[in-house]
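See structure below.
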């Protein structure tokens, strides 16, 4: 736990020193303007929940992806990766702590989006099921940390994976239905979307903002937590495996 | 005549250098299945919002807008590329050399124009059939010309921003990202400019892409030649404005750098 707390503190200090880490948070109001503007121009104010959930999830995902790639890359560049890996606290724990820190930070996206909706569009964002919203956000943060672990493992293994870091955003947004539910996808793509925890998060968050009763919230939350746990276990295993390999081959710090 | 030949030579070598940088980062495989595929998915993502709205008109609006916006998204990396010389510590040598530093910096990043153009044309050709949107084949040559114009004016804006981030290299990733999002939000890419307050609509009018995109929409729609030509002229005018701003910024940077020696220092 001490290692985890230390990693969280470290990441918060890094973010305070380098504002570049906050890019995704800076982009959130633009996404909010775009999505709300689209539904406003179409006269579909009933779709406000869709337009406010999407920018929040995009910010959360973007931040986790950015940091998971950067932890490895920046440590490698600074020559500290070997030191971090050699410490008694496991590298996966460090990754978890650092991603957790940015995930919590990126929750400011909720405030940003709400402000754009209220001030910019005078939209009523009604919170019909607050408990569902809060628990879904917590579960999403948990699952995001797990997903970031898998990506960090990939980035250690193959530096070229960094090339793909920014390329998986939109395929994930599309497949997970962050704004357009996956029921609009072709039938053969829907099962893939259902394997992404973001699709469950997006559906539940939209339901939390809609007046209708939320159908089967416990099971759906359970799926998010389960997918997060699977990602975390796989991610930690992948990181351990990769670290063993690069230790053996002596290529840990090589660019 | 010799001056032009020399400038062309400098530009060619700078472009070759930039291409090698790009090829060092991306292989053909990682470009096609990474960047290019990502852009196609981005256009499909926004076009699919039209289906959520149950409106084929909205699908077409979002698809065309975001396909054309793929050009500036690819092109604005030129802003980041402008700082590479400073990061490498070679900028003082360029400023001291007899040739224009701007020429070299532009040459090194000119490849991103081709990158943006490929994204936009790829999106305009490959994504519409997936959403039952038709692009009249006889208008393709004019479409290519308009998208090339949009790419060029965006490139000039990107080099202007590059001049700004040369003095603040820590913002080299943030600035082009904000520019991309501003274009996507206020240039009529996804939301008609008329939906915004007048001030924001005016801002959209001086951004690259806006008028060229209006021209593209007219071209694939009613196709009135005079309207398309008018929009193209406005886009060219905006591009020229960004070029002049870019020249002024670089001139001021080089002059100030020579005077106080600050050109040597990087803020990285």
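The values are calculated or read from the model by the stated rules, or taken from the named source; none is laboratory data. What you are looking at is a predicted structure, and each value in this text was computed from that prediction instead of being measured. Virtual Cβ from ideal backbone geometry, glycine too; neighbours counted across all protein chains shown.
What about residue B:19, is it surrounded by fewer than 19 Cβ atoms within 10 Å (Cβ to Cβ) and more than 8 Å from chain A (Cβ to nearest Cβ)? Answer is yes for this residue.
Taking the criterion of being farther than 23 Å from residue A:69 by Cα and more than 8 Å from chain B (Cβ to nearest Cβ), the only residue of the stretch A:168-180 that qualifies is A:177.
Of everything in the stretch B:160-173 that is part of a helix (DSSP H, G or I) and modelled with pLDDT under 90, the residue that is surrounded by the fewest Cβ atoms within 10 Å (Cβ to Cβ) is B:170. Helices (runs of 4 or more DSSP H) fully within the stretch A:164-228 that include at least 3 residues being under 26 Å from residue B:32 (Cα atoms) and touching a helix residue (DSSP H, G or I) at 6+ places or on another chain (Cβ under 9 Å): A:169-175, A:190-194. Only one of the listed residues (A:19, A:118, A:5) is modelled with pLDDT under 85 and surrounded by fewer than 19 Cβ atoms within 10 Å (Cβ to Cβ). That residue is A:19.
From A:22, A:12, grab the single residue that is under 20 Å from the mean Cα position of the chain (by Cα) and farther than 20 Å from residue B:184 by Cα.
Values: A:22 fails: farther than 20 Å from residue B:184 by Cα.
Result: A:12 is the single residue among A:22, A:12 that is under 20 Å from the mean Cα position of the chain (by Cα) and farther than 20 Å from residue B:184 by Cα.
Given the condition outside any helix (DSSP H, G or I) and in contact (Cβ under 8 Å) with a residue 24 or more places away in the chain, answer yes or no: does some residue in the stretch B:174-181 qualify? Before the answer, list the steps.
Start the filter on the stretch B:174-181 by keeping residues that are outside any helix (DSSP H, G or I), which leaves none.
Among the residues of the stretch B:174-181, not one is outside any helix (DSSP H, G or I) and in contact (Cβ under 8 Å) with a residue 24 or more places away in the chain, which makes the answer no.
In summary, helices (runs of 4 or more DSSP H) completely within the stretch A:1-99 and bearing 2 or more residues that are within 14 Å of chain B (Cβ to nearest Cβ) and closer than 30 Å to residue B:55 by Cβ occur at A:23-41, A:48-78. All told, residue B:197 meets the bar of being surrounded by fewer than 16 Cβ atoms within 10 Å (Cβ to Cβ), over 30 Å from residue B:93 (Cβ atoms) and at pLDDT below 95.
Only one entry in A:115, A:138 is away from every other protein chain (no Cβ under 14 Å), within 22 Å of residue A:200 (Cα to Cα) and out of contact with any strand residue (DSSP E or B) (no Cβ under 8 Å at 6 or more places or on another chain), namely A:138. For the stretch B:149-173, taking the residues that are in contact (Cβ under 8 Å) with a residue 40 or more places away in the chain and at the interface with another protein chain (Cβ under 10 Å from one of its Cβ atoms), the one that is farthest from residue B:117 (Cα to Cα) is identified as B:170.
Taking only the stretch B:197-255 into account, find how many residues are in a loop (DSSP other than H, G, I, E, B) and on the phi < 0 side of the Ramachandran plot.
6
Of the residues B:184, B:113, which is within 14 Å of chain A (Cβ to nearest Cβ), in contact (Cβ under 8 Å) with a residue 12 or more places away in the chain and assigned to a helix (DSSP H, G or I)? Walk me through it before giving the result.
Numbers: B:113 fails: within 14 Å of chain A (Cβ to nearest Cβ).
Just a single option satisfies the conditions, and that option is B:184.
Scanning the stretch A:200-219 for residues that are without any contact (Cβ under 8 Å) to a residue 60 or more places away in the chain and within 14 Å of chain B (Cβ to nearest Cβ) turns up just one, A:203. Within this structure, residue B:36 fails the test of being in contact (Cβ under 8 Å) with a residue 24 or more places away in the chain and either over 23 Å from the mean Cα position of the chain (by Cα) or over 22 Å from residue B:80 (Cβ atoms) (or both). For the stretch B:260-268, indicate whether the set of residues that are under 18 Å from residue B:67 (Cα atoms) and in contact (Cβ under 8 Å) with a residue 60 or more places away in the chain is non-empty. No; the residues of the stretch B:260-268 include none that is under 18 Å from residue B:67 (Cα atoms) and in contact (Cβ under 8 Å) with a residue 60 or more places away in the chain. In the stretch B:142-152, is there at least one residue being within 21 Å of residue B:60 (Cβ to Cβ), over 20 Å from the mean Cα position of the chain (by Cα) and surrounded by fewer than 20 Cβ atoms within 10 Å (Cβ to Cβ)? No, the stretch B:142-152 contains no residue that is within 21 Å of residue B:60 (Cβ to Cβ), over 20 Å from the mean Cα position of the chain (by Cα) and surrounded by fewer than 20 Cβ atoms within 10 Å (Cβ to Cβ).
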